[in-house]
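Take a look at the structure set out below.
Read-outs throughout are calculated quantities, based only on the coordinates presented, and are distinct from any laboratory measurement. Keep in mind it's a predicted model, so treat the numbers as computed, not measured. Cβ placement follows ideal geometry from the backbone for every residue including glycine, while neighbour counts extend to all protein chains displayed.
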Amino acid sequence: MSLNLSWTSWTAKEIGTQTDSVLASKRAGLDAVFAVPDDERTFANTIAALEYADNHAADIQQQLDLLVNVHPDAVIRDAARVAVDRIEAGTIEMEYDRRLWDAMQAWVAKNETLDSVDRKLADDILRDLRRMGFALPDEQFTELKRLTTELKKQEAQFEKAINDWEDHIEVTREQLAGLPERYIDGLKKSGDKYIITLEYPDIFPFMRQAEDSDARRELATKNLRKGGAENLTRLTQIIGLRQSIAQLLGYASHADFACEVRMAKTSATAQQFLGNIIAKLTPAARRELVGLIDIKKRTLGLEKRAPIHFYEMTYWGHRLLKERHDIDSEQVKEYFPLATVMEGMLGVYQEVLGVQFVPVAGASLWHDDARLYEIRGGTSLVGHFALDMHPRKGKYGHAATYPVVLGRKEQDGSATTGLIALVCNFPKPTESDPSLLAHDEVETLFHEFGHVCHALLSGGRWQRQNGFGVALDFVETPSQLFEEWVWEAPVLKRISKHYQTGEQMPDDLIKKLQAARHHMDANHYLQQAVHALYDQRMHSLPLDTTVEPNHLAQMHRDMTLQYEAIDLPDDAIMAAGWSHMADYDAGYYSYLWSKVYAIDLYSAFKPHPLSDEVGRRYRDMILEPGASKPEMNLVKDFLQRESSDTAFLAQLGIA
């Protein structure tokens, strides 16, 4: 199927027409399945037919979801958001039909022999239908359908509130002391004042390098209130809806319901994993905190030690990094112009995975910043990806990879190749300077591009078995493995070129960067683990508990103080701006869980990081199968042993 980009220029009216088309197509597909007599049911006319019926709807919905997050016109973003809501509501209305369950049960009774790929598809569909409540009595089934419809609506509104949130501080030129001229030149102004927003390119450098403590506190406080009190209330309603659904389905908690389809299987397993990680990280994290307290005391000439406040961790961590490792983050950025990093990164991926990336000239996308590429395996087209690298008003504010079309086989036997969009928010070039990346931004780029390759290389038989379809606590593993490359000297040479001299990063700076790699890592991973535990706990409250906004906010403040020794302000409502709670519910632990597997898998690359032999094996055994096999089987097959956390802990020096 040829690449169709017409959706990038849809008008609001055309979006409405496409929405009608999607719903009609979905209805026709389901009706065709319902029309099959029970005694004639086969995998082809029931299970496969359901999957084919979803293909067109999934494409349009994914395209609309991307437009919601990247289109420069607010009218189109709003129209796309309304369309996504309509499709979700219409899909729920159509799929919550008892005839669907009856058709599945009639097919199950036929006991048809299938290969492992088709069997997994059938088992996953049957499991998902059970989780939709089809085994419940009619009254409870109807109630669950109502709750699910309301939940989808609330989740969309929660995410919209975060994406639409705008806040900033205004500072004088003097309050920018400590920040580089390049950063200052890129700031917007209001009269004589400089505007610091909550967008990544603004807030991260400011919190890391601004000497003005009061300004950092003001900005950090605003960031802790992102989303607003109304969104915190909305999150409590979302949690209540999730609790009610879990209760109807017979689960002890929503966390157990969510974890059932992941590698962890239960919330208890996820919480035990997090508890173990927290226990192992805490001593090292406290030692790191003492280091921050000491440098603060020395630098400010304090008579006695003073605590590290919530707006000081990044700042004093950066000061300590410079003192201990003689690393200037601004000097490091000078070696990472975005264009150079992109060229080098694409070359590394091509070499290791055995693919080719080809720019597509003249492609018209949703914005002039966006660029289109082909990915090829030899002479065969594997798929396409689009890159949208710079921030703008109304755009999703972080880094993310969006499925637009997922590769699969069609009902007529033809193949549809995938299209994936990589959305980032790296600084935009100015008249005097190119877009320069911090090393952690380079790491983010390698990570997100790993999602691109996983999704495109796993375009197999069924759409739902794409790389995006693996268990949530495995989906980050391939990308986290690719992060490891940005610490290897040969890769750092290939992706670096000083923006003025054209020289690659020198060996001594590479060694300093490598030596400083795990600076403050214990606190970084501890914070991640505490957030993940907070997520599990908020979704493991007793099912009859009415969740109050103040309780939810206080739980986070208490846990941050207990585990991280950081006292947050009384008005901090972090969860109100935590977009993961819209679609990573009871799943934030996945980042750490996946990281353990990623570091273990990378041990195969460690002797020769750019080995094309290991890379091809990784592509064949981890990436290409997608979700067609159980994730643990993929890991065991590749490692030829059971996985463990030994490599992860050893890397942090706390084994």
| remark: the range 23-56 and the range 468-509 have their Cα centres apart by a whole-number Å value of 45
| message | Angle check, please: helix 200-209 long axis (alpha carbons) against the longest principal axis of the chain (alpha carbons), in degrees 0 to 90, nearest 10. | response | 30
| message | Compute the helix-to-body angle for 590-602: its Cα long axis versus the longest principal axis of the chain, expressed 0 to 90° and rounded to tens. | response | 80
| task | Find how much the distance from Asp571 to Leu248 grows on full extension, using 0.36 nm per residue of separation minus their present alpha carbon separation; answer in nm with one decimal. | result | 112.8 nm
| note | Looking only at lysines whose Cα falls under 21 Å of Lys110's and that sit 8 or more positions away or on another chain, we get Lys120
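Please give the contour-minus-distance gain from Glu260 to Ile92: 0.36 nm per residue of separation, less the Cα-Cα distance, rounded to one decimal in nm.
Numbers: separation 168, 0.36 × 168 = 60.48 nm, distance 2.13 nm.
Extending this stretch completely gives an extra 58.3 nm.
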| said: For the range 71-135 and the range 215-291, what is the centre-to-centre distance using only Cα atoms, to the nearest Å? | reply: 27
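Viscosity 0.890 mPa s, temperature 25 °C: what is the translational diffusion coefficient of the range 166-223 from Stokes-Einstein with a Kirkwood Rh over Cα pairs, rounded to a whole number of µm²/s?
On the way: Rh = 11.1 Å.
Estimated diffusion coefficient is 222 µm²/s.
How would you order 457-469, 200-212 from highest to lowest mean count of nearby Cβ atoms within 10 Å?
Numbers: 457-469: 23.1, 200-212: 20.3.
Sorting 457-469, 200-212 by mean packing, highest first, produces 457-469, 200-212.
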| field | Given charges at Cβ of Lys, Arg, Asp, Glu: the chain dipole, positive-most of Gln527, Ile92, Ala74 | value | Gln527
| query | In the range 549-655, which GluC sites (Glu not before Pro) are in a loop and have at most 16 other Cβ atoms within 10 Å, using DSSP for the loop call? | reply | Glu642
| said: If you average the alpha carbon positions of the range 529-555 and of the range 556-615, how far apart do those two centres end up, in angstrom? | reply: 18
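Report the gain in length on full extension from Gln640 to Gln105: 0.36 nm times residue separation, minus Cα-Cα distance, nm rounded to one decimal.
On the way: separation 535, 0.36 × 535 = 192.60 nm, distance 3.80 nm.
The Gln640-Gln105 span can extend by a further 188.8 nm.
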| query | Taking only Cα atoms, what is the 0 to 90° angle, nearest 10, from helix 549-564's long axis to the longest principal axis of the chain? | reply | 50
| Of [x] 83, 68, 47; [y] 95, 68, 53; [z] 84, 59, 55, which is the value of Cα extents along the principal axes in Å derived from the coordinates here? | [z]
| Around Met94: net Lys/Arg minus Asp/Glu count, Cβ-Cβ under 13 Å | 0
